[in-house]
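A.B. asks: Okay, handing you the structure first.
The values are calculated or read from the model by the stated rules, or taken from the named source; none is laboratory data. As the structure is a prediction and not an experimental result, all values here were calculated from the model. Here the Cβ positions follow ideal geometry from the backbone for every residue, glycine too, while neighbour counts run over all protein chains shown. Ligands, DNA and RNA are excluded from the accessible area calculation, which covers all protein heavy atoms including side chains. Shrake-Rupley method; radii C 1.70, N 1.55, O 1.52, S 1.80 Å.
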Amino acid sequence: MASYIRRRKFLATLLGGATVTWPLAARAQQPTMPVIGFLGVGSLDNYGLYLAAFRKGLIEAGFVEGQNVKIEYRWAEGQYDRMVELVADLVRGRVAVIAVPGTPPGARAAKAATSTIPIVGVGEDPVSLGLVASIGRPGGNATGVNFLTAEVVAKRLALLHELVPRAARVAALINPTDAIRAEAVRSEVQAAAHTMGVQLQILNASTSRDIDAAFAALVRERADALFVGPDAFFNTRRVQLATMAAHHSIPTAFAVREYVDAGGLMSYGASLTDMFRQTGVYTGRILKGAKPAVLPVLQSTKLELVINAQTARMLGLEIPPTILARADEVIE
């Protein structure tokens with residue numbers, strides 16, 4: 001009888017241990033959900049449209065946030081000097097990939113912080129910036145979308161002058177914080193203005209107050225039109241820029257259509273939402289095992305001309321038929 005009781009206790013102990021051990025083993029076998037580190041130059045409030053596009057690209061690649069992938073967001077709130085700190089935080093968190101769409105300072109900060117974590121987002125002219133070895137074969141841990149900005153500056157200025165032929169004096173607004181991009185845009189717009197015989201006034205702004213001061217300066221100097229340089233910070237202030245341009249009756253040309261949706265006169269450039277979608281696709285491909293070293297840098301080939309007809313009427317402008325014929329969209 002004593003032997004029987006000991007055997008019962010032994011089996012109970014063995015089975016009891018199994019009930020503890022088996023679930024632990026099962027949990028240990030569950031795959032770990034990969035984490036994307038997402039770095040934005042603005043804030044969550046003004047990234048809704050772009051995040052939707054980024055998530056759409058992830059879905060195209062087979063990933064749904066909260067189901068089989070997590071995203072850690074970091075926001076610079078328009079302050080480029082915070083990029084280094086925010087990237088360092090993502091690197092410490094050992095994210096699987098860092099996505100920095102359309103933000104050259106962020107891409108440079110990420111490249112300086114890690115040579116092992118894949119980076120998706122190279123801004124424009126990534127070869128000269130040292131982010132990739134070549135467009136066709138990046139050769140390192142960074143790839144993404146070459147978002148054309150400086151390359152279409154001359155064309156955008158020409159379209160603005162065609163839309164406002166009386167514009168003999170044009171002010172150009174540039175963000176000096178991103179020195180590399182600022183110099184490229186300044187060089188391109190000065191060359192284009194010289195070719196067109198247009199007098200150019202360069203204005204700098206890197207804060208909301210700077211933008212107010214820039215408008216005061218261009219009104220004081222009696223500029224006939226405003227050319228806003230491509231810049232992620234300016235994009236976060238697009239409502240302020242469009243509102244002030246309307247208030248001062250200044251015809252204004254922007255880099256992306258979101259400004260025109262906010263009331264700006266015209267835009268010409270690559271599609272920002274499509275760039276975010278493409279970044280999402282590439283991020284998903286890397287999560288599936290693709291190597292950034294061999295993923296060619298994509299080129300933003302979708303250039304769009306968008307005109308706000310209501311703003312044109314408010315400014316007393318008649319949109320030339322040549323502009324209307326080339327416009328991808330006219331907002332009424």
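A.B. asks: Could I have the simple spin-label model distance between ARG222 and LYS155, label points 7 Å from Cα toward Cβ, reported in nm to one decimal?
C.D. replies: Inter-label distance under the simple model: 3.5 nm.
A.B. asks: Now a separate question. How fast does the stretch 32-180 diffuse by Stokes-Einstein, in µm²/s, taking the Kirkwood radius from C-alpha pairs at 20 °C and 1.002 mPa s?
C.D. replies: D, rounded to a whole number, is 127 µm²/s.
A.B. asks: Indicate the helices, whole DSSP H runs only, in the chain that combine a mean Kyte-Doolittle hydropathy of -1.0 or more with a Cα extent along their long axis of 24 angstrom or more.
C.D. replies: Answer set is 2-28, 179-196.
A.B. asks: Now a separate question. Mind checking the alpha-carbon convex hull of the stretch 45-122 and giving the volume per residue in Å³?
C.D. replies: 98 Å³
A.B. asks: Related question: Give me Rg/Rg_expected for the stretch 63-106, where Rg uses Cα atoms only and Rg_expected = 2.2 N^0.38 Å with N residues.
C.D. replies: 1.24
A.B. asks: Same structure again: Taking the alpha-carbon distance from LYS56 and a cut-off under 20 Å, which lysines remain once sequence neighbours fewer than 8 residues away in the same chain are dropped?
C.D. replies: Straight-distance partners of LYS56: LYS70, LYS288, LYS302.
A.B. asks: GLU304 versus ALA52, label points 7 Å from Cα toward the beta carbon: distance in nm?
C.D. replies: Inter-label distance under the simple model: 1.2 nm.
A.B. asks: Kirkwood Rh over Cα pairs of the stretch 204-258 into Stokes-Einstein at 4 °C, 1.567 mPa s: D in µm²/s?
C.D. replies: 115 µm²/s
A.B. asks: Starting from the stretch 150-228, pick out the GluC sites (Glu not before Pro) whose DSSP state is loop and whose Cβ has at most 15 other Cβ atoms within 10 Å.
C.D. replies: GLU221
A.B. asks: Please check the chain for the longest run free of trypsin sites (Lys or Arg not before Pro) that are loop-located per DSSP (anything but H, G, I, E, B) and have at most 12 other Cβ atoms within 10 Å.
C.D. replies: In the chain, the maximal stretch lacking such sites is 1-93.
A.B. asks: Please give the direction-averaged projected area of the C-alpha convex hull for the stretch 177-329, in square nanometres with one decimal.
C.D. replies: Mean shadow area of the hull around the Cα atoms is 10.9 nm².
A.B. asks: A follow-up question, please. Using only the Cα atoms, what convex hull volume per residue in Å³ does the chain have?
C.D. replies: Per residue, the Cα convex hull of the chain comes to 158 Å³.
A.B. asks: Related question: Translational D (Stokes-Einstein, µm²/s) of the stretch 88-130 at 25 °C and 0.890 mPa s when Rh comes from the Kirkwood sum over C-alpha pairs?
C.D. replies: Calculated translational D: 236 µm²/s.
A.B. asks: Non-local amide H neighbours of GLY123 (under 5 Å, H modeled in plane, Pro and chain starts lacking H): which ones?
C.D. replies: GLY102, THR103, VAL145, PHE147
A.B. asks: Per residue, how much accessible area does the chain have with a 1.4 Å probe, in Å²?
C.D. replies: 46 Å²
A.B. asks: What does the charge add up to near GLY106, with Lys and Arg as +1, Asp and Glu as -1, over the other residues with Cβ less than 11 Å from its Cβ?
C.D. replies: So the environment of GLY106 carries a net charge of +3.
A.B. asks: Quick one: which residues, 5 or more positions from THR252 or on another chain, have an amide H under 5 Å from its amide H? H modelled 1.01 Å from N in the peptide plane, none for Pro or chain starts.
C.D. replies: Here the answer is LEU226, LEU265, MET266, since their amide H atoms fall under 5 Å of that of THR252.
A.B. asks: Over the heavy atoms of VAL330, what accessible area does a 1.4 Å probe trace out, to the nearest 10 Å²?
C.D. replies: Here the residue's solvent-accessible area equals roughly 50 Å².
A.B. asks: Throw me the Rg/Rh for the stretch 241-282, computed over C-alpha atoms with Kirkwood Rh, two decimals.
C.D. replies: 1.14
A.B. asks: Shifting gears a bit: With r defined as the distance between the Cβ atoms of ALA88 and GLU318 and R0 fixed at 41 Å, what FRET efficiency is calculated, to the nearest 0.05?
C.D. replies: E between ALA88 and GLU318, to the nearest 0.05, is 0.20.
A.B. asks: Tell me the carbon and sulfur percent of the accessible area for the chain, rounded to whole percent, probe radius 1.4 Å.
C.D. replies: That share works out to 55 percent.
A.B. asks: Between ARG137 and SER187, 0.36 nm times their residue separation minus their Cα-Cα distance comes to what?
C.D. replies: 15.2 nm
A.B. asks: Quick one: Debye curve from the alpha-carbon atoms of the stretch 127-264 only, equal weights, vacuum; give me log10 I(q)/I(0) at q = 0.17 Å⁻¹ to two decimals.
C.D. replies: These q points yield log10 I(q)/I(0) values of -0.89.
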